[in-house]
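Reading through the structure tokens given below for one structure.
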Amino acid sequence: MLDSSAATPAATPAPSSAPVLATKYQQAVADYWNAEKDPVNLRLGEVDGTYHHHYGIGDVDRSALEGPADNREERIVEELHRLEAAQADFLLDQLGALGPGDRILDAGSGRGGTSFMANARFGCRVDGISISEEQVKFANNQAQQREVADQVSFHFRNMLDNGFPAGTFQAIWNNESTMYVDLRSLFAEHARVLAPGGRYVTITGCYNDVHGRQPSRAVSQIDAHYICDIHPRSEYFAAMAANDLIPISVVDLTAATIPYWELRAESAVATGIEDAFLTAYKEGSFHYLMIAADKA
Ligand code: GPP
Ligand code: MG
């Protein structure tokens, strides 16, 4: 009998035939991000063409606030953007030594900002995945404009079922996107596609188990604003341990992100969620955390 499989090289499995949006919840999240055109993200992205969907870290340059009144808003937008870029740079610092031969995955890639910075830094192929078709379209257009589409590509895929073959990536990150998914399912899927010794990094907002076993009022307000479900700090480590992801570094970025939120609260691009973040951080019910782990 003819066995065609014997002569065929190991094929890349096709992405799962399951629908990308597996639940009504995921559809609601996709609807939110498909419709999102907030100046706090678009005006900041227009500063230099790199569009982020995360917050900022580092001290504010006060000259943004103190200079002449006529272009004060423009300076504040530039300063917020600078702090968001600093956050992405800090995340990339944690990925370890990567080079052009490596492959890396941006899980929850938004409009692509961190992916493009990673490609510029490491010179390697980057895949980004998002359940928002509008974000995927936007980010792929950016890749064309930047003439890196052969190296950086974005896919309409679900981070819980990413469709890549086992062991594909030397590094994976979630830049503020874990709060939309169950962590055990997420880390099982990441562990599947990470090569042994591969690095995982997340920057996330998580609530403080020590403050209370349930989320505080301010954390619940953040959940309602973004339709997400912020996890307790403990759950990150339990879910990593359950999936052969061994933490190597944890940095509490809470103090470093407060200046960003204070500046944002004073700006014309404030969205109304600023006070909830400032309350949650200052009362100690919420942390902004970086966690890096290696795949055993
Ligand atoms: C993305 O940033 C924000 C989230 C994914 C929500 C939750 C994050 C936490 C750390 C709790 P964004 O840049 O799209 O948000 P915004 O529009 O408010 O700037
Ligand atoms: Mg933003």
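The values are calculated or read from the model by the stated rules, or taken from the named source; none is laboratory data. Everything quoted here is computed from the prediction, not taken from an experiment. FYI the Cβ positions are ideal-geometry reconstructions off the backbone, even for glycines, and counts take in every protein chain you see. The area values use the complete protein model at the heavy-atom level, side chains included, leaving out ligands, DNA and RNA. Shrake-Rupley method; radii C 1.70, N 1.55, O 1.52, S 1.80 Å.
Worth pointing out:
- Förster radius 25 Å - calculated FRET efficiency between Asp38 and Gln144, Cβ distance, rounded to 0.05: 0.60
- Taking trypsin sites (Lys or Arg not before Pro) as exposed when DSSP calls them loop and at most 15 other C-beta atoms lie within 10 angstrom, the chain has its longest site-free stretch at 63-212.
- For the chain, share of DSSP beta bridges that run antiparallel, in % to the nearest 5: 45 percent
- Shape call, region 129-198: gyration tensor on alpha carbons, a/c limit 1.5: oblate
- In this structure the amide hydrogen of His52, modeled in the peptide plane, comes within under 5 Å of the amide hydrogens of Gly45, none closer than 5 places in sequence on its chain.
- Sites listed here are GluC sites (Glu not before Pro) in region 219-279 whose DSSP assignment is loop and whose Cβ has at most 15 other Cβ atoms within 10 Å: Glu266.
- Protein heavy-atom surface of the chain, 1.4 angstrom probe: 52% of the accessible area is carbon and sulfur, with nucleic acids and ligands not counted.
- In terms of its alpha-carbon gyration tensor, the chain comes out prolate; a/c meets the 1.5 threshold, and the first ratio a/b outweighs b/c.
- Lys/Arg +1, Asp/Glu -1 at C-beta; the chain dipole; positive extreme among Phe154, Gln135, His211: Phe154
- Dipole check for the chain: with +1 at the C-beta of Lys and Arg, -1 at the C-beta of Asp and Glu, and the Cα centre as origin, the magnitude is about 660 Debye.
- Expected 222 nm ellipticity per residue - DSSP helices of 4 or more, -39500 (n - 2.57), all of the chain, to 500: -12500 deg cm²/dmol
- Projecting the Cα atoms of Ala268, Ser220, Ser115 onto the dipole axis of region 49-295, where Lys and Arg carry +1 and Asp and Glu carry -1 at the beta carbon, places Ser115 farthest toward the positive end.
- Listed residue (Ala241, Thr279, Tyr25) projecting farthest to the positive dipole end of the chain, Cβ model: Ala241
- Efficiency of FRET from Cβ geometry, Ala224 and Asp182, R₀ 25 Å, rounded to 0.05: 0.85
- Rounded to the nearest whole Hz, the Karplus-based 3J(HN,Hα) values (6.51 cos²θ - 1.76 cosθ + 1.60, θ = phi - 60°) of region 181-187 follow the sequence 9, 6, 5, 5, 5, 5, 6, with x at glycine and proline.
- Span from the region 185-250 Cα centroid across to the region 65-142 one, whole angstrom: 21 Å
- In Hz, Karplus ³J(HN,Hα) per residue of region 95-110 (6.51, -1.76, 1.60; θ = phi - 60°; x = Gly, Pro): 7, x, 7, 10, x, x, x, 8, 10, 9, 10, 9, 8, x, 8, x
- Shown is the FRET efficiency for Asn71 and Thr271, computed with R0 = 22 Å from the Cβ-Cβ distance and rounded to the nearest 0.05: 0.50.
- Cβ-defined net charge surrounding Phe187, 11 Å radius [Lys, Arg +1; Asp, Glu -1]: -1
- Surface analysis of region 49-295 yields an accessible area of 38 Å² per residue, using protein heavy atoms and a 1.4 Å probe.
- Per-residue ³J(HN,Hα) for region 208-225, Karplus 6.51 cos²θ - 1.76 cosθ + 1.60, θ = phi - 60°, Hz, x for Gly and Pro: 8, 4, 6, 6, x, 6, 10, x, 6, 4, 5, 5, 5, 5, 5, 4, 5, 4
- Dipole moment magnitude, nearest 20 debye, region 183-247 about Cα centre, only Lys, Arg, Asp, Glu C-beta charged: 80 debye
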